[in-house]
Amino acid sequence: MKNIRVRFAPSPTGPLHIGNLRTALFNYLFAKKKKGSFIIRFEDTDKERYIKASEKHILNSLKWCGIQADEGPDNGNYGPYRQSKRKHIYKKYVKYLLKKNYAYYAFESKDELKQIRTEYKDKGKLFIYNYSTRKNLKNSFNNFYYNQIKKKKTKYIIRLNVPVSKTIKVYDLLRGNISINSNVIDDKVLVKSDGNVTYHLANVIDDHLMKITHVIKGEEWISSFPILHVLYYYFNWKMPKFIHLPLILNSFGKGKLSKRNYNKLNIPIFPLKWKDPIKLKTILGYRELGYFPDALLNMLALFGWNPGCEQEIFSLKELIATFSLKDINFSSARFDKQKIDWINHRHLQSRSIDELTRLVKLCLNEQKIYFNNDKTIKQIILRIRSQCTFVYQIIEKAIYLFKKPTLKKNYIKKQIINIKITKKILFLIIEWFNNYDKNNLKLLRLFLAKLAFKKNINIHYFLKLLRLSLVGKLVGLEILFIITKLKTQDIIQRICNVILLLN
């Protein structure tokens with residue numbers, strides 16, 4: 001088999017959606033499995049919708065996920081890898097299509113076409129710009145308008161001349177043979193009035209010149225499949241093999257996952273945060289919400305791909321080793337928020353203690369908490385991580401070991417039996433910590449037991465007071481472990497804070 005070459009060709013008109021990230025992932029996995037090349041190419045000819053920050057967001061998202069291109073905007077022998085920089089390449093192919101009558105000029109404005117469509121709709125008909133309507137419209141099939149283009153007196157676009165009454169047969173690796181009558185296909189626009197080529201023409205030319213062997217993209221593009229076939233036929237080029245991936249549906253299984261889902265269901269749809277340049281609203285991505293990049297890829301791989309085994313947790317290396325186009329499902333996959341959380345939990349459990357320590361310290365630094373006792377952090381992680389899905393939860397569950405707790409007066413008072421007696425007990429506990437080694441837990445237990453007997457109060461109340469003082473609430477790690485990890489002066493200060501609160 002010749003060298004496998006696949007491409008991910010996003011349009012920089014917005015942030016990278018996880019549906020498109022899955023497309024990039026499947027291309028990447030297939031290329032790496034076959035020891036081929038994964039190429040990034042930007043389809044940036046839509047100037048009306050182009051967003052400058054989009055390209056950076058796409059590249060940064062792929063980088064965060066560990067999806068590295070073999071060729072792209074920064075390197076490669078088949079560039080440029082931005083369609084806006086390839087106009088000079090497209091010109092000769094446009095001339096060829098016009099010369100062969102495979103394409104023609106059309107002169108209707110957007111408003112004129114809108115009016116025509118409205119008139120057809122009012123009559124209960126669907127307007128298609130093709131062989132059945134073009135003779136009555138403004139295009140180069142009409143000699144008058146053909147002369148206008150020669151005199152350069154009017155703006156024009158260039159349309160594909162779709163053959164009449166032909167059965168167009170295409171083959172999709174997932175769906176098999178697909179047949180469509182050419183008479184129901186639009187004469188698609190190939191060159192816009194501003195001189196930029198459209199998706200259909202640029203894709204075919206670029207894929208051919210870049211020697212793409214397989215085109216793996218979303219199901220939403222399957223309607224353009226016959227158009228691409230016609231262009232390959234006109235150019236007498238061999239088509240790459242195509243596979244159209246099933247959609248990722250929203251949580252309810254109706255409609256594809258979209259930005260609307262994030263707004264209504266609080267479901268993240270971007271790998272990284274995105275600041276809308278128009279609304280100036282920031283939407284958090286999976287990274288900012290605490291997910292691991294390999295957990296996100298793990299989830300996306302399982303949306304539409306089934307390796308035929310019971311294994312559900314995969315590293316990127318394992319995905320590459322296991323991936324096969326034959327295992328892609330035909331049916332659409334439903335997004336499952338609980339599933340991605342479970343996958344992230346499993347990935348957290350598999351992380352080494354050293355890596356988790358590094359990540360915890362990074363999270364602490366982001367909160368301007370600088371804690372450099374790695375030994376203590378590791379001990380905390382070993383006690384807590386089984387309860388956690390995200391790294392930040394390790395900190396949340398042990399935050400009292402990194403900074404003083406915020407005491408809530410009403411909450412504390414509800415836990416107290418008698419304020420006067422409790423304050424006396426707390427003063428006695430402070431006295432003990434002033435006179436003895438806090439790490440002598442055996443001696444501390446003996447002291448608390450004697451004090452409980454003397455006051456005729458259950459020892460659990462004394463442990464409860466210590467927890468309220470040191471943690472601020474009645475949850476957390478073992479209280480004796482907490483005592484060993486705090487400095488004596490911090491323990492005394494926290495107990496004093498409770499006494500002051502009870503005044």
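Numbers below:
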item	result
Cα-projected label distance for K378 with E318, points at 7 Å along beta-carbon direction, nm	2.5 nm
Added length on full extension, which subtracts the Cα-Cα distance from 0.36 nm per residue, K166 to S350	60.6 nm
Average silhouette area of the stretch 331-444, convex hull of alpha-carbon atoms, in square nanometres	11.7 nm²
Distance between modelled label sites at I89 and A449, nm, 7 Å Cα→Cβ extension	8.1 nm
Percent of beta bridges antiparallel (DSSP, the stretch 86-245, rounded to nearest 5)	70 percent
Binned Cα-Cα distance frequencies in the chain - 20 Å width, integer %	18, 38, 23, 14, 6, 0
Percentage relative contact order, the chain, counting C-alpha pairs under 8 Å, at least six apart	11 percent
Calculated over the stretch 409-502: convex hull of Cα atoms, volume per residue (Å³)	86 Å³
Cα-based Rg of the stretch 330-377 normalised by 2.2 N^0.38 Å, two decimals	1.66
Relative contact order of the stretch 2-147, pairs being alpha-carbon contacts under 8 Å that are 6 or more residues apart, as %	19 percent
Spin-label pair Y96/L500, simplified geometry with 7 Å Cα→Cβ offset, distance in nm	8.2 nm
Alpha carbon convex hull of the stretch 72-229, volume per residue in cubic angstrom	146 Å³
Computed P(r) (all Cα pairs; the stretch 17-68; 10 Å bins; percent)	21, 51, 24, 4
Binned Cα-Cα distance frequencies in the stretch 462-503 - 5 Å width, integer %	5, 26, 35, 24, 8, 2
The stretch 351-401: translational diffusion in µm²/s, Stokes-Einstein, Kirkwood Rh over Cα pairs, 37 °C, 0.692 mPa s	307 µm²/s
Efficiency of FRET from Cβ geometry, Q115 and Y233, R₀ 41 Å, rounded to 0.05	0.80
Exceeding the 21 Å Cα-Cα cut-off - candidates K2/K211; K100/K238; K192/K281; K375/K442; K339/K375; K438/K485	K192/K281; K375/K442; K339/K375
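None of the figures in this text is laboratory data; all of them are computed from the coordinates on show. Here the structure is a predicted model, which means the values were calculated and not measured. Every residue, glycine among them, receives a Cβ derived from its backbone with ideal geometry; neighbour counts consider all protein chains shown.
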